[in-house]
1. For segment 111-141, give me each residue that is within 11 Å of the ligand (Cβ to nearest atom) and out of contact with any strand residue (DSSP E or B) (no Cβ under 6 Å at 6 or more places or on another chain).
2. From the list 53, 63, exactly one residue is in a helix (DSSP H, G or I) and either within 15 Å of the chain's Cα centre (by Cα) or under 22 Å from residue 199 (Cα atoms) (or both). Which is it?
3. Give the residues of segment 254-282 that are touching a helix residue (DSSP H, G or I) at 6+ places or on another chain (Cβ under 8 Å) and on the phi > 0 side of the Ramachandran plot, sorted by residue number.
4. I'd like to verify a number: residues in segment 199-247 that are farther than 16 Å from residue 300 by Cα and part of a helix (DSSP H, G or I), how many?
5. Just checking, which of 297, 228, 261 is surrounded by fewer than 24 Cβ atoms within 10 Å (Cβ to Cβ) and among the hydrophobic types (A, V, I, L, M, F, W, C)?
6. Return the residues of segment 205-240 that are farther than 14 Å from residue 119 by Cβ, touching a Ser or Thr at 6+ places or on another chain (Cβ under 8 Å) and within 16 Å of the ligand (Cβ to nearest atom); say none if nothing qualifies.
7. Based on what the data block shows, is residue 244 surrounded by fewer than 18 Cβ atoms within 10 Å (Cβ to Cβ), within 11 Å of the ligand (Cβ to nearest atom) and in contact (Cβ under 8 Å) with a residue 24 or more places away in the chain?
8. Quick one: count up the residues across segment 264-294 that are within 15 Å of the ligand (Cβ to nearest atom) and not in a helix (DSSP H, G or I).
Amino acid sequence: MAEDSLMRGAVIRSWGTALPPKVVTNHDLEQTLDTSDEWIVERTGIRERRVGGTTSGLAIEAGRQALDRAGWDPSTVDLVILATTTPDQQVPASASTVQNELGIAGGAFDLNAACSGFVYALIAGHGLIGAGMSRVLLIGAETLSRITDWDDRGTAILFADGAGAVTLEAVDGPGQLLGWDLGSDGSARHILDADIGGYLEMDGREVFRRAVRVMVESGNTALERAGVSASDISLVVPHQANIRIIESACTRLDIPMERAVSVLDRTGNTSSASIPLALADAADAGRISPGDLVLLVGFGAGMTWASAVLRWQP
Ligand code: ACO
């Protein structure tokens, strides 16, 4: 490997998304749970979510869209990283199914850092491009509906299915990643977990409290490492868990809500898929211009967290 390859940066070339066709509204949940549309909207911001499909199926759809939009021949892709907490099988990695179905020539692995998974994958992808790879496909995909207890109003109102993908390509020079931060506090693993074959169990209030704290700390660390301030950020793309978490974190980060992306009213919490879904929504809506600074901030079970400051140059 050439020594200068370690200096090689990367940029996102394209993106793709996939959501299952089945819509489950809050009113649908009112039929089976002791809850109300009003409560769910007020406490979470979620109005409806998508449910169905398989993790690899959604990942393939989003990945294919991203590859097509970049005009990439799959045989030129060095690696696919699939961020997911809900693989189709215990063994093998669902990324292998994605690799095979898309005809990708390179390697494939799953990455589980819960809702921080996509930002972890983005940072890992930059690292592997720095180490010599040229083209990496990053996907966040989940079928959380499979590990959700639909009789538990504390979790059933939140979680959902979907996928988002980006293509990441090597460029000469430093590339888009200006600063990043990732971390984990495994002493808090009990506040949100699911046993193998079991359902998600969550201490919602404790997750909420810690989520705001780690988003602010991690976001600020990434900003500092990038050598920029909150006022330089054109768009923040936070993990889509709860609109009140996003509002609290943005207030403390000193970033106005008009600069935050939110799709959770339509998607619910799709864990690893939530940040690429939100990023794609903002990019498709023309909310990011070349040269803009974008802050991605994820947090999730573990607890894990991850942030990245990108200079947008697709
Ligand atoms: N419908 C109606 N009432 C409800 C519901 C519901 N679905 N759920 C709880 N309640 C009731 C409670 O029983 C409680 O009643 P009480 O006061 O009589 O005891 C009251 O509403 C308030 O309950 P809280 O749990 O305090 O409600 P809170 O405002 O904290 O909202 C929520 C709960 C939405 C779960 C919130 O805590 C939250 O969003 N937490 C973070 C969750 C999260 O982000 N999880 C994902 C992490 S990312 C990952 O890794 C997957």
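The values are calculated or read from the model by the stated rules, or taken from the named source; none is laboratory data. Predicted model, so just to flag it, every value in this text is computed and none were measured. Virtual Cβ from ideal backbone geometry, glycine too; neighbours counted across all protein chains shown. Surface areas here come from the heavy atoms of the whole protein model, side chains and all, with no ligands, DNA or RNA. Shrake-Rupley method; radii C 1.70, N 1.55, O 1.52, S 1.80 Å.
1. If we filter segment 111-141 for residues that are within 11 Å of the ligand (Cβ to nearest atom), which is where we start, we get 112-117.
Of everything in segment 111-141, just one residue is within 11 Å of the ligand (Cβ to nearest atom) and out of contact with any strand residue (DSSP E or B) (no Cβ under 6 Å at 6 or more places or on another chain), namely 112.
2. Numbers: 53 fails: in a helix (DSSP H, G or I).
Exactly one residue qualifies, and that residue is 63.
3. Those that are touching a helix residue (DSSP H, G or I) at 6+ places or on another chain (Cβ under 8 Å) and on the phi > 0 side of the Ramachandran plot: 254, 271.
4. Residues that pass the stated criteria total 11.
5. Testing whether each residue is surrounded by fewer than 24 Cβ atoms within 10 Å (Cβ to Cβ) and among the hydrophobic types (A, V, I, L, M, F, W, C) leaves just 228.
6. 212
7. Values: surrounded by fewer than 18 Cβ atoms within 10 Å (Cβ to Cβ): yes; within 11 Å of the ligand (Cβ to nearest atom): yes; in contact (Cβ under 8 Å) with a residue 24 or more places away in the chain: yes.
In short, yes.
8. 3
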